[in-house]
Amino acid sequence: MKNRSTFSLIFWVCSSRIKNNQVPVYARITVNGKRANISIQRRVNSTDWDAARGIMRGTRQESKLLNKYLDQVRSKIYTAYEDLLSENKMVTAQAIKNRYLGADKFYRSLQELFEYHNEISRHSISAHTLRHYKVTQGYLQKFLRAKFNLEDFRLIDLNFSFIKDFEFFIKSYQPTDHQRKMGHNTAMKHLQRLRKMVTMAYHHEWIPKDPFVRFKSSYVKKRREFLTREELQSIEDFQSSINRLNIVKDIFLFSCYTGLSYIDITKLTMDNIGMDFDGNQWIETERQKTKTALKIPLLNQAKDILKRYQGHPKTVHSKTLLPRYSNQKLNSYLKEIADFCGIKKHLTFHIARHTFATTITLTNGVPIETVSKLLGHTKLATTQIYARVVDKKVKDDMAMLNAKLNHSSD
């Protein structure tokens, strides 16, 4: 068994640096005859120092305070020594000094953590998702300036109070570019991203403990809007002299009958159209959000829409199955269509995906497991958020149950 190094610690004063009869106090670490001195940033009257005992003489308050501080320094230096031993590190006087001063450790910061995550994730998450992380990073920088007057923050200093203070900051933050403050669920999304970053730091052993361990995130359940059969029919019947509105209507309906999101529709080309042995057409693609493979049999309504845009100037130019518009323009034009159709709901493109899950599939008896696969979800619980069973389906199912019960009692 390897013997421990010979380690000793004393406190002394440097008489050659006397100034106004005050001398600086030092801690001297000795290991195997090698020394390292640490200034403890304190001075004492040269006549008050007890060199033999390494303390300040007397019972005055000044003496008590200095001697108490010396005990604290001694405890920290001994802890540094014991830590080096337990880590099987080389124990020298300089190593103990560096550990005491924190000079032997590299402390990563929040900004470094985000930059590391963004760099290693840029090929595994979408550009859209990456932008969300950068928005969260921006709010953290605003918080650091407002709370601490800092541009960055050491990961080692993160604690539960920091997280709660950041939560309060983003919930109360008043943006200058629009009027509304951040909603509860949006704030939770920012904290969820920060939590993912901090968990990664913990797994990399950049921090000794997870400051989120006592933090409980909560989301307010919101009603997911979708179109009823009547509202969907009103959009199908819509015709306009404005060509862009007709095109946007078709793109929206294509999503209603396939469940594909905006970003996944914009990527579709002829290469994504497959055919099975029975001659049925399928969409074969990959969800950009989760990289999940999708195979969706095309309903007749979706096929008819694709036929309309074969050889269309916009699809020929973009080499896609359907014309391309930005998501912002699509939502703006959908608002016009909703006004023309008398639909009071706030019509956005993502409502098409909800409509596919409810009005098109579940309401017509498609099992939720099938709907989950068509939507590209990895968890059934995710589908249950989208695919709410509407009242008509509940009524029909109960009527069927009632008929069965009545038949069995006859």
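So what is the calculated 222 nm ellipticity per residue for the chain, using -39500 (n - 2.57) for each DSSP H run with n of 4 or more, over all residues, to the nearest 500 deg cm²/dmol? Counting only the DSSP helices, I get -15500 deg cm²/dmol. Less than 5 angstrom separates the built amide H of Ile55 from those of Asp50, all sequence-distant by 5 or more or on a different chain. Loop-located chymotrypsin sites (Phe, Trp or Tyr not before Pro) in segment 188-234 (DSSP state other than H, G, I, E, B) with a sparse environment of at most 16 neighbouring Cβ atoms within 10 Å: Phe215, Tyr219.
Near the amide H of Ser109, within less than 5 Å, lie the amide hydrogens of Leu155, all on another chain or at least 5 residues away, with H placed in the peptide plane. The 3J(HN,Hα) values that the Karplus relation (6.51, -1.76, 1.60; θ = phi - 60°) gives for segment 108-125 are, in residue order, 6, 10, 4, 5, 5, 5, 5, 5, 5, 4, 4, 6, 7, 9, 5, 9, 10, 10 Hz. Gly and Pro appear as x. Among the chymotrypsin sites (Phe, Trp or Tyr not before Pro) found in segment 71-120, those both in a DSSP coil and sparsely packed, with 16 or fewer other Cβ atoms within 10 Å of their Cβ, are Phe106, Tyr107. The heavy atoms of Lys164 offer some 80 square angstrom of accessible surface to a 1.4 angstrom probe. Which FRET efficiency value, to the nearest 0.05, do you get for Asn243 and Thr269 by plugging their Cβ-Cβ distance into 1/(1 + (r/R0)^6) with R0 = 25 Å? Result of the calculation: an efficiency of 0.65.
Rounded to the nearest whole Hz, the Karplus-based 3J(HN,Hα) values (6.51 cos²θ - 1.76 cosθ + 1.60, θ = phi - 60°) of segment 320-333 follow the sequence 10, 6, 10, x, 9, 9, 5, 4, 5, 5, 4, 5, 5, 6, with x at glycine and proline. In order along segment 144-160, phi translates into HN-Hα couplings of 5, 5, 6, 8, 10, 6, 10, 9, 8, 8, 5, 4, 4, 9, 5, 8, 4 Hz, rounded to whole numbers, per the Karplus curve 6.51 cos²θ - 1.76 cosθ + 1.60 with θ = phi - 60° and x for Gly and Pro.
For the chain, the gyration tensor built on C-alpha atoms gives a prolate shape. Its axis ratio a/c (a ≥ b ≥ c) is at least 1.5, and a/b is the larger of a/b and b/c.
Using a simple spin-label model with pseudo-atoms 7 Å out from Cα toward Cβ, Ser63 and Ser16 lie 3.0 nm apart. Measuring with a 1.4 angstrom probe and ignoring ligands and nucleic acids, Leu150 comes out at about 70 Å² accessible. Reported to the nearest whole Å, the Cα centre-to-centre distance from segment 303-369 to segment 232-255 is 8. Loop-located chymotrypsin sites (Phe, Trp or Tyr not before Pro) in segment 259-348 (DSSP state other than H, G, I, E, B) with a sparse environment of at most 15 neighbouring Cβ atoms within 10 Å: Phe277. Treating each Cα of segment 327-407 as an identical point scatterer and summing with the Debye formula, the log10 of I(q)/I(0) at q = 0.10 Å⁻¹ comes to -0.35.
The values are calculated or read from the model by the stated rules, or taken from the named source; none is laboratory data. Because the structure is a prediction, the values reported are computed rather than measured. With ideal geometry, Cβ positions are generated from the backbone for all residues, glycine too; neighbour counts draw on all protein chains shown. Ligands, DNA and RNA are excluded from the accessible area calculation, which covers all protein heavy atoms including side chains. Shrake-Rupley method; radii C 1.70, N 1.55, O 1.52, S 1.80 Å.
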